[in-house]
Amino acid sequence: MYELLEKINSPADLKALPPEDLERLCQELRDYIINCCAENPGHLASSLGAVELIVGYHYVFDSPADKIVFDVGHQAYAHKILTGRREAFKENRKEGGLAGFPSRSESEYDAFGAGHSSTSVSAALGLAEAARQQGLRNKVVALIGDGALTGGLALEGLNNAGSGKADLLVILNDNNQSIDGNTGALHNNLLRITSSVRYNRLKNHIWNRLGPSRLRESIQRLTHNVKSSAVRDSGGDLFEALGFRYFGPIDGNDIAQVVTTLRKLKNIGGPRLLHCYTVKGKGYPAAEQDPVVWHAPGRFDPKTGERIKGVHKADRYQDVFGATLCDLAEDDPRIVGITPAMATGCGMTEFARRFPDRFYDVGIEEEHAATFSAGLAAGGLKPVCNIYSSFAQRSYDQIIHDVALQGLPVVFCFDRAGLVGEDGATHQGAFDMAAYRSIPGTTVAAPKDEVELRNLMFTALQQEHGPFIIRYPRGTGEGLEWKGTPFSELTVGKAYELLYGSDIAIIATGPVTNRAMEAASAFPGRVGVYHFPFVKPLDTAMLDKIASRYAQVVTAEDGCLAGGFFGAVSEYFTSHGRDVSVHPLGIADEFVAHAPQARQRQRYGLDADSMQKILQKFLQNSK
């Protein structure tokens, strides 16, 4: 079935193939990715669209000496398969298997890790400069696409790279997620001329003979004006203005054209950009027709394209958020929704449909999303900005400087907080409580279930000063009936005693509270459970009450222990002279590898069974 692919265990094996076999190899690669992802879910459509670009790169360049940096990393599946990880790819994203994104610790062919977007140009520029400083001749390529070009960091990298002389090739994988434009005979002719070895030798010879002069400057302006007028429709003028030599656009799914062009561009030198049009989901009809759904479709039947949906006993938190936002917006025309390119993932598609004039998808621009929300709030609106917790790390300065410092009432909903599962270390929402509770005037809240999420959103929109952050996990809630339930405003900073015990107390925040209740049920009358929906401000009166009753407490949170909820509770007890022994349950001081969420919770003692065993030990020792 994979006659060519099974012979390739390294890029050297690929380079041994005759050019006429490359198209067939690309099809085998696609089939392999489809069949693997059908059984073992991953990011499908993006990797299908980038197959020819990756095959072309490894056919022309000499990796691992030459470096390629992916942006975003979810388009790199073909790269992993071609670099000695074909069989291991069957365990992609599984516990103990390959990471879902390039990882320096996984392979020498992964020059730079890439789980978040827009990093490739900056990283590749650093690699190119490091090579130049050391007198190395290896080439560096940044493969950027799938919306990553809109990120501010990508533009910063382009601006810096274009102002120097770094030997850097940027391949823009344009799948209608970043820049759109038209191909045609003029563009193809321009590409053939400007990428030819003879043209570039002649150009460099003339420039060197002329030296710095008014004549040279006049010729450069003339050629730039002629060239930019020809490429303006395809986005080339922007890159020329940034100091890059622009080539393209080409058909990035035509392997012959990709190889021919890369061979011409490989040794030109300087900052240059190749613009490639590709089809996201290429080669799989269902993915081509709906690349948004098939970006990460879950399990599916590779023959029919039918997606195999799991059975959920409860609704997902993202759907509770989306429906609640619509309910609130019906009653308040000042409510607006903002997302950095994650409308489907965060549950805002229905809001976008019902309130199109009040919905803003700003692209993969988390920093801009935060400051834009601040501007909306300053103008009298009520912005609700939804960002995945791990991506919100990028907007930390904006939340401090543009929102909190000015006391602007922006509601931030951090989806995918805590342990996210198979997406791995780059996507775990572990750091939000530790990061944001340190900001003056900021409220940080974590609901324990669907109803509390609704009430926290309602409460947040009643506030008139400062950022209000609500963090909730990936996955389903507790199975409560929440649709259409009346809203109730919560007292900001208030905690609740759910269960009184005689020996030890669990102080919990977020959905972990429910697991604490399950664990405590095994020790009737001995374990107390206290729910803190607000990590900041803390209910210090409740903490005083707990300290007066218990000598031992356990804190439970689905966030990092260093500086998180455990830190907040411990700081208060210590600074107020409370003689309480605090035992933490949460994410240790490490990056969390990919594994199912249930396994990750078990590892950190955040499931009911693990909690019960831990409590058993504490109670035995307290006798």
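The values are calculated or read from the model by the stated rules, or taken from the named source; none is laboratory data. Model, not experiment: these values are computed from the prediction. Because the Cβ atoms are built from the backbone with ideal geometry, glycine has one as well, and the counts that use them run over all protein chains shown.
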Test result for THR183, within 28 Å of the chain's Cα centre (by Cα), among the polar types (S, T, N, Q) and modelled with pLDDT under 90: no
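Let's see how each residue does on (1) assigned by TED's automatic domain parsing to the domain that holds ILE171; (2) in contact with a His (Cβ under 9 Å, 6 or more places away or on another chain); (3) closer than 19 Å to ASN173 by Cβ; (4) at pLDDT 95 or above:
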| position | (1), (2), (3), (4) |
| --- | --- |
| ARG24 | yes, no, no, yes |
| ARG30 | yes, no, yes, yes |
| PRO41 | yes, no, no, no |
| PRO64 | yes, no, no, yes |
| VAL69 | yes, no, yes, yes |
| GLY73 | yes, yes, yes, no |
| LEU82 | yes, yes, yes, yes |
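Counting only residues that are among the charged types (D, E, K, R) and closer than 23 Å to TYR2 by Cα, which one in region 59-93 is nearest to the chain's Cα centre (by Cα)? It would help to see each step written out before you state the result.
Filtering region 59-93 down to residues among the charged types (D, E, K, R) leaves 62, 66-67, 71, 80, 85-87, 90-91, 93.
Checking which are closer than 23 Å to TYR2 by Cα leaves us with 80, 85-87, 90-91, 93.
Numbers: LYS80: 19, ARG85: 23, ARG86: 25, GLU87: 26, LYS90: 23, GLU91: 21, ARG93: 15 Å.
Among those that are among the charged types (D, E, K, R) and closer than 23 Å to TYR2 by Cα, it is ARG93.
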Condition check for SER107: in contact (Cβ under 8 Å) with a residue 12 or more places away in the chain and either touching a Phe, Trp or Tyr at 6+ places or on another chain (Cβ under 6 Å) or over 17 Å from TRP294 (Cα atoms) (or both): yes
First in region 21-49 and closer than 11 Å to PRO297 by Cα and without any contact (Cβ under 8 Å) to a residue 24 or more places away in the chain, second anywhere and assigned to a helix (DSSP H, G or I) and β-branched (Val, Ile, Thr), Cβ under 8 Å, 6 or more apart: none
Members of region 497-515 found to be over 27 Å from ALA392 (Cβ atoms) and either touching a Phe, Trp or Tyr at 6+ places or on another chain (Cβ under 6 Å) or not hydrophobic (A, V, I, L, M, F, W, C) (or both), listed by number: GLU497, TYR500, GLY501, SER502, ASP503, ILE504, ALA505
Selected residue (only one of GLU306, GLU350, GLU366, GLU330 is buried (at least 22 other Cβ atoms within 10 Å of the Cβ), of a type in the set (D, E, K, R) and either under 27 Å from LYS448 (Cβ atoms) or not assigned by TED's automatic domain parsing to the domain that holds GLY162 (or both)): GLU366
Given (1) within 30 Å of GLU481 (Cβ to Cβ); (2) crowded, with 16+ Cβ neighbours inside 10 Å, number of the condition HIS295 does not satisfy: (1)
Enumeration of residues in region 334-362 that are free of Cβ contacts under 8 Å to residues at least 12 places away in the same chain and under 18 Å from LEU381 (Cβ atoms): PRO356, ASP357
Answer residue from region 239-287, given it is of a type in the set (Asp, Glu) and modelled with pLDDT of 95 or more and is farthest from GLY157 (Cα to Cα) among those: ASP254
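Might you let me know whether region 58-76 holds any residue that is touching a residue at least 12 places away in the same chain (Cβ under 8 Å), in a helix (DSSP H, G or I), among the charged types (D, E, K, R) and touching a helix residue (DSSP H, G or I) at 6+ places or on another chain (Cβ under 7 Å)? Before you say what the answer is, go through the steps one by one.
Pass one, region 58-76, residues touching a residue at least 12 places away in the same chain (Cβ under 8 Å): 58-76.
After this cut, where a residue has to be in a helix (DSSP H, G or I) as well, the list is 58-60, 73-75.
Remaining after also requiring among the charged types (D, E, K, R): none.
No, every residue in region 58-76 fails to be touching a residue at least 12 places away in the same chain (Cβ under 8 Å), in a helix (DSSP H, G or I), among the charged types (D, E, K, R) and touching a helix residue (DSSP H, G or I) at 6+ places or on another chain (Cβ under 7 Å).
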